[in-house]
Amino acid sequence: MDQKNIRNFSIIAHIDHGKSTLADRILELTHAVSARDMRAQVLDSMDLERERGITIKAQAVRVEWKGHQLNLIDTPGHVDFTYEVSRSLQACEGALLVVDAAQGIEAQTLANAYLALENNLEIVPVVNKIDLPQADPEGASRQLAELIGEDPTRVLPISAKTGQGVEDVLDAIIERIPPPAGDVEAAPRALIFDSSYDQYRGVVAFVRVVDGVFRPRMELRTMALNTRFEAQEIGAMNPVMRPLGSLSAGEVGYVITGLKDVSELRVGDTLTAAHHGAAEPLPGYKEVKPMVFAGLFPTDSDDYPELRDALEKLKLSDASLFYEPETSLALGFGFRCGFLGLLHMEIVRERLEREFDLDLLVTAPNVAYRVLPQNVPEWTEVHNPSDMPDAVDEVEEPYIKASVIVPKEYVGAVMELCNDRRGSFDHMEYLAENRVHLTYGLPLAEIVLDFYDALKSRTRGYASFDYDYIGFRKGTLVRVDILVGGDPVDALSLIIHREFAYERGRLLVEKLREEIPRQMFDVAIQAAIGSRVIARETVKARRKDVIAKCYGGDISRKRKLLEKQKAGKKRMKRVGAVDVPQEAFLAVLNLGESKKS
Amino acid sequence: MSGARHLYVHLPFCAHRCGYCDFVTAVGRRGDHAGYVDALLAELELERDLLSPELETVFLGGGTPTFTEPAAFERLLAALPCAGEVTVEANPETVSAELAQLLRRNGVNRVSLGAQTFKRRLLDVLERAAGPDDVRRAVHVLRDAGFDNVSLDLIYGIPGQSVADLEHDLAEALALEPEHISAYELEAKPGTRFTHTHGVELGRQAEAMESYFELVVATLTHAGYRWYETANFCRTGNRDLRSGHNLGYWLAHDYLGIGIGAVSTIGNSRWRNAPSLGGYTSALAEGRRPPREPEELAAGLKETERVMLGLRLDEPLPLAEIEHALDPAGLERLERLGLARRDGPLLTLTDRGRFLGDAVTADLLA
């Protein structure tokens, strides 16, 4: 198709502001899918996405409107996937910026709107849910117009639910968003903005063709990773896969690669012809590195092979998941996994438990640290607190820029929270009379435990929050070890700012004392920095554990009790000579909840 | 096979059901006593082949055996096979000179008295009918009748019982110079009225109870008693005053139990008679075995039980008998902790190991 009749766009919206509903209406209006057999919200294909109201993996759908080919490129809606969002946006010339008429602008909307502006996208502002009684379309329009420097009259009021105004949105896409401007005659170049794994057909690449033409059976290669394959099929989603004879400059579609491993294909990479391909890749590719790490252990150590298989399978469809085997004294065999962020971690965990029916024990998440060990000239990255060398010259930790939008009466509470968490104030502005946008620099480590929960509880759920990595910075960090009966419990080691080490150590030790059942001997529980003990508690030895009466009629009952007692012990993890129930580790790992409330 | 050398006879009748009791009991029903004795004797007849011609012990437990209507009771005692040790459990208020005579002339040579505590207030909590004076009187009546083997049951850990109360109970019991004392911590058995009323309090005082157990053992051993089983103590001297019948259980011997709710273990078979009085008597009236709940003891379980029961005793267990049931690493760990000791071919628990007997056993078993 002639590029001037093509429009490529995304929808940017905060969770629950109606992105998926709007997408559904667009599909309906353009007859891509009939109302009758449409499951609500076609674009979100995973159960988990539907339940959480978020879109994990981007997809692209091609529809027709008034003689134009419109490609709707869906974007993941969460901060963990910022890079994927940015790639999706790079595949577009424009974006619908959707805001809930009752809620106004949220932190996530801002973050993605800025991303869109950075990518020079034409933004079509839309205020949704105008049918709701508490809607304030004019207020929301004013905020939105101000944010992107538009005339408020250009903001489109709609109700995606009832369909009101959605045709105007389609018209505006054609009128306002510029057509693609690639070179059809040039060597083929396409941006890979997403990929997925199909059990039968292997890796599927979702691409935006920038220059030239791609055809089935062409020999292709990716320019950053230099992966080579033959295009087995080329086509577009409408909304299901429909094979085509070609994809040319400006078009959006899919390529079935025949590859068996998603890690061979990276989002952001450039696809070109293996022979007479393009000389220069498209800009913007970077390797996404996991920032949040946690140990995943099967609750039942017999399930280790199942966990390994499950991670292998998951990795097929999730190239950003990182894992390596880990052995913990306390928790046995498991994996240290790296995630893009907390939500990503939560999603992986839930998929493992739900799709693979595994019971998991997840250690407290930690961030990646950059460490310069003493007498070693090179920096190394540490993903597990127990791997932190005892003697270090310098430690750096990742920082983020946190963006919080909150009603003004909660500004004080948010500032207090950010200060508690070693934050440094960056910027404050009023988005509207009662809505304040605050930005803070914060160590990522302070976010991963419970920042979001604390923020919600201190602002009664009114705050919205988003963050962006801003790099590693030097920190005054120490490793705190927890010792039970003199033996360190590797799974409970943590890296923490020196100032918080004492209090945190004390809390952990107290909690463990409550959770570890009394043993046949006194058990010392200690928190230590190196060889210096900073907190100590004792679980006093039991003095009696025997049933008083045992006669002829009691023997079977007594034996069954004993078997139960033995089975209970099997579920315990042994640290040195001490039996520690798994719940004790869990309770300590969950300590974040009560940390500062 | 030579047959079981221990016979247990269950007499379920009681004047009143105490709140903490979870035994198979039947309140009152004096009209049923004679019929029940007929049924007992019928069951005994049916199972006669399981018994050795020479019995070591007979034990009549309850319920309150001595509450049984005297004519029926005497008929039962007279019909039971002879044995070296014949024990009857008695509630103090039922012990009269007549009863003592009845027991004597029917071959009973050991009486186990349910004293429980000497504090009226605590007896009320337990809903016991006898008063402290009844216990003293009962002991003297038994002595007068010539009984030279009397055991007292004590219960500690009663809600509201202070350390001083317990010291008082122990002193009172010792003053009566019984040959044998059983001291049980009060157990809140699920489903009893007592647990319903006092369960929360019992949970609360659980930790304090640890010192009560230690106090019981220290006081009685100091007074010259042998702590020969977790909850049982006997005088030392030239007679072995341990309960021969209960030793049979703890040494994992075979035993036949007759009567409702009674358990038997013969070889690898164990069964429990159903607790229903009507079902029991009607079956036996027709010459049938009473309804039973059978349990086959799979290979290895006997050995497990041997360890579990044997470790309750102060005598060492021969390792050769229990080898397969033991976890060598567990044993080593317990030795390191000073809870168990190996002396050549023998395994013994230390005193601290005995206080922690259940946990130790769980560790010790493979």
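The values are calculated or read from the model by the stated rules, or taken from the named source; none is laboratory data. Everything numeric here is computed off the predicted structure, so don't read it as measured data. Ideal geometry is used to build each Cβ from the backbone, glycine not excepted, and the neighbour counts take in all protein chains shown.
Could you tell me which residue of segment B:328-365 is farthest from the other protein chains (Cβ to nearest Cβ), considering only residues that are in contact (Cβ under 8 Å) with a residue 24 or more places away in the chain, over 28 Å from the mean Cα position of the chain (by Cα) and surrounded by 15 or more Cβ atoms within 10 Å (Cβ to Cβ)? Per the criteria, the residue is B:331. Kindly check whether there is at least one residue in segment A:363-376 that is touching a residue at least 40 places away in the same chain (Cβ under 8 Å), on the phi < 0 side of the Ramachandran plot, in a helix (DSSP H, G or I) and buried (at least 19 other Cβ atoms within 10 Å of the Cβ). No: segment A:363-376 contains no residue that is touching a residue at least 40 places away in the same chain (Cβ under 8 Å), on the phi < 0 side of the Ramachandran plot, in a helix (DSSP H, G or I) and buried (at least 19 other Cβ atoms within 10 Å of the Cβ). Restricting attention to segment A:547-558, does a residue exist that is closer than 30 Å to residue B:4 by Cβ, touching a strand residue (DSSP E or B) at 6+ places or on another chain (Cβ under 9 Å), aromatic (Phe, Trp, Tyr) and at the interface with chain B (Cβ under 9 Å from one of its Cβ atoms)? Yes, there is a match, as at least one residue in segment A:547-558 is closer than 30 Å to residue B:4 by Cβ, touching a strand residue (DSSP E or B) at 6+ places or on another chain (Cβ under 9 Å), aromatic (Phe, Trp, Tyr) and at the interface with chain B (Cβ under 9 Å from one of its Cβ atoms). So which residues in segment B:254-263 are assigned to a strand (DSSP E or B) and at the interface with chain A (Cβ under 8 Å from one of its Cβ atoms)? Once the filter is applied, which keeps residues that are assigned to a strand (DSSP E or B) and at the interface with chain A (Cβ under 8 Å from one of its Cβ atoms), segment B:254-263 yields B:255, B:257, B:263. Among all positions in segment A:309-321, there is no residue which is in contact with a helix residue (DSSP H, G or I) (Cβ under 9 Å, 6 or more places away or on another chain), outside the structural domain of residue A:466 (by TED's automatic domain parsing), closer than 26 Å to residue A:482 by Cβ and of a type outside the set (Val, Ile, Thr).
The number of residues in segment A:312-323 that are part of a strand (DSSP E or B) and either among the basic types (Lys, Arg) or in contact with a Leu (Cβ under 7 Å, 6 or more places away or on another chain) (or both) comes to 1.
Residue B:228 satisfies every condition listed in (1) within 14 Å of chain A (Cβ to nearest Cβ); (2) surrounded by 19 or more Cβ atoms within 10 Å (Cβ to Cβ); (3) not polar (S, T, N, Q); (4) not in a strand (DSSP E or B) except (4).
Looking at residue A:180, is it under 31 Å from the mean Cα position of the chain (by Cα), under 28 Å from residue A:269 (Cβ atoms) and in contact (Cβ under 8 Å) with a residue 40 or more places away in the chain? Yes, satisfied.
Just one of the listed residues (A:440, A:462, A:452) is more than 30 Å from residue B:207 (Cα to Cα), crowded, with 22+ Cβ neighbours inside 10 Å and not assigned by TED's automatic domain parsing to the domain that holds residue A:111, and it is A:440. The set of residues from segment A:295-321 being touching a His at 6+ places or on another chain (Cβ under 9 Å) and of a type in the set (S, T, N, Q) comprises just one member, A:320. The residues on offer are A:495, A:525, A:470, A:482, and the sole one that is under 30 Å from residue A:413 (Cβ atoms) and buried (at least 22 other Cβ atoms within 10 Å of the Cβ) is A:495.
Report whether or not residue B:237 is in a loop (DSSP other than H, G, I, E, B), surrounded by fewer than 19 Cβ atoms within 10 Å (Cβ to Cβ), away from every other protein chain (no Cβ under 14 Å) and not β-branched (Val, Ile, Thr). Here the answer is yes, as residue B:237 does meet what is asked. Taking segment A:116-133 as the range and being under 24 Å from the mean Cα position of the chain (by Cα) and either surrounded by fewer than 21 Cβ atoms within 10 Å (Cβ to Cβ) or within 17 Å of residue A:23 (Cα to Cα) (or both) as the test, the residues that pass are A:117, A:118, A:119. Here is the figure for segment B:177-190: residues that are touching a strand residue (DSSP E or B) at 6+ places or on another chain (Cβ under 7 Å) and either away from chain A (no Cβ under 14 Å) or hydroxyl-bearing (Ser, Thr, Tyr) (or both) total 5. Here residue B:284 passes the criteria (1) within 14 Å of another protein chain (Cβ to nearest Cβ); (2) aliphatic (A, V, I, L, M); (3) buried (at least 16 other Cβ atoms within 10 Å of the Cβ) except the one numbered (1). I'm trying to understand the selection: among the residues of segment A:260-279, which are surrounded by fewer than 20 Cβ atoms within 10 Å (Cβ to Cβ) and either of a type in the set (A, V, I, L, M, F, W, C) or farther than 22 Å from residue A:319 by Cβ (or both)? A:273, A:274, A:275, A:276, A:277, A:278, A:279 - these are the residues of segment A:260-279 that are surrounded by fewer than 20 Cβ atoms within 10 Å (Cβ to Cβ) and either of a type in the set (A, V, I, L, M, F, W, C) or farther than 22 Å from residue A:319 by Cβ (or both). Between A:546, A:588, the distinction of being at pLDDT below 90, surrounded by 15 or more Cβ atoms within 10 Å (Cβ to Cβ) and touching a Phe, Trp or Tyr at 6+ places or on another chain (Cβ under 8 Å) belongs to A:546 only. Taken over segment A:181-206, the residue count meeting the criterion of being buried (at least 22 other Cβ atoms within 10 Å of the Cβ) and not in a strand (DSSP E or B) is 1.
Quick test for you: out of A:412, A:461, pick the one residue that is closer than 22 Å to residue A:143 by Cβ and without any contact (Cβ under 8 Å) to a residue 12 or more places away in the chain.
After applying the criteria, what remains is A:461.
With the structure loaded, tell me whether residue A:209 is closer than 18 Å to residue A:61 by Cβ and modelled with pLDDT of 95 or more or whether it fails that test. Yes: the conditions hold for residue A:209.
Restrict the check to segment A:528-545 and report whether at least one residue is within 14 Å of chain B (Cβ to nearest Cβ) and hydroxyl-bearing (Ser, Thr, Tyr). Within segment A:528-545 (the criterion being within 14 Å of chain B (Cβ to nearest Cβ) and hydroxyl-bearing (Ser, Thr, Tyr)), the answer is no, since none of the residues qualifies.
Looking only at segment A:338-358, which residues are touching a helix residue (DSSP H, G or I) at 6+ places or on another chain (Cβ under 7 Å) and within 25 Å of residue A:489 (Cβ to Cβ)?
A:339, A:342, A:348, A:352, A:358
Put simply, of B:168, B:196, B:180 the only residue that is modelled with pLDDT of 95 or more and surrounded by fewer than 18 Cβ atoms within 10 Å (Cβ to Cβ) is B:168. Scan segment A:12-33 for residues that are touching a residue at least 60 places away in the same chain (Cβ under 8 Å), in a helix (DSSP H, G or I) and crowded, with 19+ Cβ neighbours inside 10 Å and the total you get is 7.
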